[in-house]
Amino acid sequence: MSQLRLKLQSKDSSEAFNTRGVFSRGYLLRHLRRESDHFVSAADAEDTYNFAGELWGKNHVAMRKRSEAFACSKFIEPLLQRIG
């Protein structure tokens, strides 16, 4: 099962994210303002989102079997470098 279940956009903007576990949908709607300057638009995030999906697709099986250092070098560090 893929753990990368992010939604960047939806026809109904109220469904722009999935919630599971820690934060409820109501909590996120109250605390994450869509107009906030802290978040880029879905269009601006799309390239990075696709990059993360490609990295995940190439490495998720190996990351389950290998060390934390492997996950850092193959997924986390390239993604952090991409977003600056």
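In table form, for the structure just shown:
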quantity: With DNA, RNA and ligands ignored, accessible area of residue 30 (1.4 Å probe; Å², nearest 10); calculated: 140
quantity: Largest-first ordering by accessible area, 1.4 Å probe, given options 27, 49; calculated: 27, 49
quantity: Exposure ranking of 31, 38 by accessible area [1.4 Å probe, largest first]; calculated: 38, 31
quantity: In order through region 55-72: 3J(HN,Hα) via Karplus (6.51 cos²θ - 1.76 cosθ + 1.60), integer Hz, x for Gly, Pro; calculated: 4, 4, x, 6, 10, 5, 5, 5, 5, 6, 9, 9, 7, 4, 4, 5, 4, 5
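The values are calculated or read from the model by the stated rules, or taken from the named source; none is laboratory data. Given the structure is predicted, the values throughout are model-derived calculations rather than measurements. Accessible surface areas use protein heavy atoms only, side chains included; no ligands, DNA or RNA. Shrake-Rupley method; radii C 1.70, N 1.55, O 1.52, S 1.80 Å.
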